[in-house]
1. Consider ARG27 against the criteria (1) out of contact with any strand residue (DSSP E or B) (no Cβ under 7 Å at 6 or more places or on another chain); (2) without any contact (Cβ under 8 Å) to a residue 40 or more places away in the chain: it satisfies all of them except one. Which criterion is unmet?
2. Out of everything in the range 78-126 that is of a type in the set (Ser, Thr, Tyr) and out of contact with any helix residue (DSSP H, G or I) (no Cβ under 6 Å at 6 or more places or on another chain), what residue ends up being farthest from ASN10 (Cα to Cα)?
3. Taking the criterion of being modelled with pLDDT of 95 or more and more than 17 Å from ARG27 (Cβ to Cβ), would at least one residue in the range 129-139 satisfy it?
4. Which one is modelled with the highest pLDDT among residues in the range 107-128 that are part of a loop (DSSP other than H, G, I, E, B) and charged (D, E, K, R)?
5. Scan the range 47-62 and tell me whether some residue there is at pLDDT 95 or above, in a strand (DSSP E or B) and touching a Pro at 6+ places or on another chain (Cβ under 9 Å).
6. Within the range 128-146, track down each residue that is surrounded by 10 or more Cβ atoms within 10 Å (Cβ to Cβ), under 14 Å from GLY79 (Cβ atoms) and not charged (D, E, K, R).
7. Can you tell which of ARG78, ARG59, ARG47 is over 14 Å from the mean Cα position of the chain (by Cα) and among the charged types (D, E, K, R)?
8. When the residues of the range 1-25 are filtered to those that are polar (S, T, N, Q) and in a helix (DSSP H, G or I), which remaining residue is modelled with the highest pLDDT?
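The values are calculated or read from the model by the stated rules, or taken from the named source; none is laboratory data. Quick caveat: nothing in here was measured; it's all calculated off a predicted structure. Note that we place each Cβ from the backbone using ideal geometry, even for glycine, and neighbour counts take in every protein chain shown.
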Amino acid sequence: MRIVIGAPANGVVLKDAIRTYVEASERVSTVVDVSDAELSYPALSIRAAQMIVDGEADRAILVCGTGLGTAIAANKVRGIRAVTAHDLVTARGAVENYDAQVLCMGQNVIAPAYALLLVDAWLDARHDPAGAYGPKIDEIRDYEAR
C-alpha cells in the first residue's frame, strides 16, 4: 500500500510518530511525506488527496491540531472521502463502511500510542462494495459526478 502523510506545524509530532510506524510496516510499500513548513493545512491536505485521485497513492494520513481541518480540506477534492477518527470503531468503519481513503487525526486530541492502534485498524480494514454500504457510496459518487 502506498501512503501519503502530512501535517502542518501543529501536527508534526504525531505525524512523525505515525510516519516512523508506517514506514516499518510490511503492509506499506511507500510513504511520501508532503509536510512543508510553508504549506497551510488546506494546501497539504489537498495535495495529499489529489495524489490519491491521481493514482500516486492509495491512502493518506493527515494530522493537524484536531483532525477536523485536514478532513474538511481533503474532502474538497472530488472522489475523496476523508474522515476524522479518534477511536477504533470509527477508524475501522471509515474504510469498511465508507471506503475512506484519508484518515485524519488531531495531535491535540489523541496520544501517539493510541493513534498507532487506529492506524493499524485503518490499514487492515477493507471495503466490500457488495456490502450494505456499497449502494450508499455509489450514491455519493453519483452526486459527485454531476
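1. Only one criterion in (1) out of contact with any strand residue (DSSP E or B) (no Cβ under 7 Å at 6 or more places or on another chain); (2) without any contact (Cβ under 8 Å) to a residue 40 or more places away in the chain is unmet by ARG27, namely (2).
2. Taking the range 78-126 and keeping what is of a type in the set (Ser, Thr, Tyr), we get 84, 90, 98, 114.
Now drop any that are not out of contact with any helix residue (DSSP H, G or I) (no Cβ under 6 Å at 6 or more places or on another chain), which leaves 90, 98, 114.
Working: THR90: 23, TYR98: 27, TYR114: 18 Å.
Going through the qualifying residues, I end up with TYR98.
3. The first filter runs over the range 129-139 and keeps only residues modelled with pLDDT of 95 or more, leaving none.
No: the range 129-139 contains no residue that is modelled with pLDDT of 95 or more and more than 17 Å from ARG27 (Cβ to Cβ).
4. If we filter the range 107-128 for residues that are part of a loop (DSSP other than H, G, I, E, B), which is where we start, we get 107-111, 125-128.
Next, only the ones that are charged (D, E, K, R) stay: 126, 128.
Numbers: ARG126: 95, ASP128: 88.
Ranking the candidates gives ARG126 first.
5. Within the range 47-62, the subset at pLDDT 95 or above is 47-62.
Filter once more, so that each one left must be in a strand (DSSP E or B): 59-62.
Pick out the ones that are also touching a Pro at 6+ places or on another chain (Cβ under 9 Å) and you get none.
No, every residue in the range 47-62 fails to be at pLDDT 95 or above, in a strand (DSSP E or B) and touching a Pro at 6+ places or on another chain (Cβ under 9 Å).
6. Across the range 128-146, the qualifying residues are ILE137, ILE140.
7. On the way: ARG59 fails: over 14 Å from the mean Cα position of the chain (by Cα); ARG47 fails: over 14 Å from the mean Cα position of the chain (by Cα).
Just a single option satisfies the conditions, and that option is ARG78.
8. Going through the range 1-25, the residues polar (S, T, N, Q) turn out to be 10, 20, 25.
Okay, now just the ones that are also in a helix (DSSP H, G or I), so 10, 20.
Working: ASN10: 93, THR20: 97.
Step by step, filter the range 1-25, then rank; the result is THR20.
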